[in-house]
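Colleague: Could you have a look at this structure, given as structure tokens, before my questions?
The values are calculated or read from the model by the stated rules, or taken from the named source; none is laboratory data. Every value quoted in this text rests on a predicted model; they were computed, and no experiment measured them. Methodologically, a virtual Cβ is constructed for each residue, glycine included, from the backbone with ideal geometry; neighbour enumeration extends over all protein chains shown.
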Amino acid sequence: GQNIDQPTEMTATEGAIVQINCTYQTSGFNGLFWYQQHAGEAPTFLSYNVLDGLEEKGRFSSFLSRSKGYSYLLLKELQMKDSASYLCVSTDSNYQLIWGAGTKLIIKP
Amino acid sequence: IAGITQAPTSQILAAGRRMTLRCTQDMRHNAMYWYRQDLGLGLRLIHYSNTAGTTGKGEVPDGYSVSRANTDDFPLTLASAVPSQTSVYFCASSDSRDFGTDTQYFGPGTRLTVL
């Protein structure tokens, strides 16, 4: 079957670094998205990886290993506004999106 | 630029009633989608449309119908609401017919409670 696994909740300190992991089992994998969703709001796009390696975008970086079915989102210099849920989303051979349940990130001062 | 708008913002509905959730985008995107989001679960696709005039079923289409008469509008109808349809509904759009590789832009959501 198709499945996304990511931790339900994580806590980190303002100014620190946090890594949110995601493993996926997707038939005919065609890429992986990360979206951010603040409480009560809509998801917003963060990153898309289709090739192995690290993509850096400001304070946020996303990594993909296709052979391991693994991705992570790295957030640096954490700010209070980074408190949100982070959704890992894979794409299958039919370009259907498989959404993870999300990781709720709590930032403490 | 508004992006995607949804109406209503929230609604409490008696079971058995008919309800249409509205979604309008002004980005001229080809593809549009309806999702539901329930606590502890990932977003689940209800219906989608790759282009005006065509629609398709997603993961959880039962009890819902959609239409795509033009590029901008993509209403979702619950013919006879049931309590299990209590959820937050998100409309989204993307600029690609191969929607798995393109960024999706989401509306603010409609919180629906069916009693």
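Colleague: Could you please find all residues in segment B:6-51 being among the hydroxyl-bearing types (Ser, Thr, Tyr) and within 15 Å of A:TYR95 (Cα to Cα)?
Modeller: B:TYR33, B:TYR48, B:SER49
Colleague: Here is a further query. Can you report the number of residues in segment A:69-108 which are surrounded by fewer than 16 Cβ atoms within 10 Å (Cβ to Cβ), modelled with pLDDT under 95 and more than 8 Å from chain B (Cβ to nearest Cβ)?
Modeller: So the count comes out to 1.
Colleague: Also, I was wondering about something else. Looking at segment B:19-42, can you tell me whether even one residue there is in contact with a strand residue (DSSP E or B) (Cβ under 9 Å, 6 or more places away or on another chain), under 26 Å from A:VAL50 (Cα atoms), surrounded by fewer than 16 Cβ atoms within 10 Å (Cβ to Cβ) and within 11 Å of chain A (Cβ to nearest Cβ)?
Modeller: The answer is yes; a qualifying residue exists.
Colleague: A follow-up question, please. How about segment A:35-84: which strands (runs of 3 or more DSSP E) wholly inside it have at least 2 residues that are among the hydrophobic types (A, V, I, L, M, F, W, C)? Please lay out each step first, then the result.
Modeller: Numbers: elements: A:44-49, A:53-57, A:60-65, A:70-75.
Hits in segment A:35-84: A:44-49, A:60-65, A:70-75.
Colleague: For segment A:31-53, which positions are surrounded by fewer than 15 Cβ atoms within 10 Å (Cβ to Cβ) and touching a residue at least 12 places away in the same chain (Cβ under 8 Å)?
Modeller: Listed by number, the residues that qualify are A:HIS38, A:ALA39, A:VAL50, A:LEU51, A:ASP52.
Colleague: Considering only residues that are in contact with a strand residue (DSSP E or B) (Cβ under 8 Å, 6 or more places away or on another chain), more than 10 Å from chain A (Cβ to nearest Cβ) and within 26 Å of A:CYS88 (Cα to Cα), which ones fall in segment B:52-63?
Modeller: Within segment B:52-63, the first condition is being in contact with a strand residue (DSSP E or B) (Cβ under 8 Å, 6 or more places away or on another chain), and the residues that meet it are B:55-61, B:63.
Subset that is more than 10 Å from chain A (Cβ to nearest Cβ): B:55-57, B:60-61, B:63.
Result: B:THR55, B:GLY56, B:LYS57, B:VAL60, B:PRO61.
Colleague: For the structure I just gave you, tell me whether A:GLY15 is in a loop (DSSP other than H, G, I, E, B), in contact (Cβ under 8 Å) with a residue 24 or more places away in the chain, away from chain B (no Cβ under 14 Å) and on the phi > 0 side of the Ramachandran plot.
Modeller: On the way: in a loop (DSSP other than H, G, I, E, B): yes; in contact (Cβ under 8 Å) with a residue 24 or more places away in the chain: yes; away from chain B (no Cβ under 14 Å): yes; on the phi > 0 side of the Ramachandran plot: yes.
For A:GLY15, the condition - in a loop (DSSP other than H, G, I, E, B), in contact (Cβ under 8 Å) with a residue 24 or more places away in the chain, away from chain B (no Cβ under 14 Å) and on the phi > 0 side of the Ramachandran plot - is met.
Colleague: Please go through segment B:1-18 and give me each residue that is closer than 16 Å to B:MET32 by Cα and surrounded by fewer than 10 Cβ atoms within 10 Å (Cβ to Cβ), ordered by number.
Modeller: Filtering segment B:1-18 down to residues closer than 16 Å to B:MET32 by Cα leaves B:2-7.
Across segment B:1-18, the qualifying residue is only B:ALA2.
Colleague: Select from segment A:14-29 the residues that are farther than 20 Å from A:MET80 by Cβ, surrounded by 18 or more Cβ atoms within 10 Å (Cβ to Cβ) and not aromatic (Phe, Trp, Tyr) and list them in ascending order. Show your work before the answer.
Modeller: So in segment A:14-29, the residues farther than 20 Å from A:MET80 by Cβ come out as A:21-29.
The next check asks that each one be surrounded by 18 or more Cβ atoms within 10 Å (Cβ to Cβ); those that pass are A:22, A:24, A:26, A:29.
If the condition is that a residue be farther than 20 Å from A:MET80 by Cβ, surrounded by 18 or more Cβ atoms within 10 Å (Cβ to Cβ) and not aromatic (Phe, Trp, Tyr), then A:CYS22, A:THR26 are the ones that fit.
Colleague: Follow-up question, since we're still on this one. Taking A:PHE60, is it within 14 Å of chain B (Cβ to nearest Cβ) and touching a strand residue (DSSP E or B) at 6+ places or on another chain (Cβ under 7 Å)?
Modeller: On the way: within 14 Å of chain B (Cβ to nearest Cβ): no; touching a strand residue (DSSP E or B) at 6+ places or on another chain (Cβ under 7 Å): yes.
Considered against the rule, which asks whether it is within 14 Å of chain B (Cβ to nearest Cβ) and touching a strand residue (DSSP E or B) at 6+ places or on another chain (Cβ under 7 Å), A:PHE60 comes out as no.
Colleague: Would you be able to say whether some residue in segment A:32-41 is more than 10 Å from every other protein chain (Cβ to nearest Cβ) and polar (S, T, N, Q)?
Modeller: Here is the first cut: in segment A:32-41, the ones more than 10 Å from every other protein chain (Cβ to nearest Cβ) are A:32, A:34, A:36, A:38-39.
Subsequent filtering for residues that are polar (S, T, N, Q) retains A:36.
Looking for residues that are more than 10 Å from every other protein chain (Cβ to nearest Cβ) and polar (S, T, N, Q), one finds at least one in segment A:32-41, hence yes.
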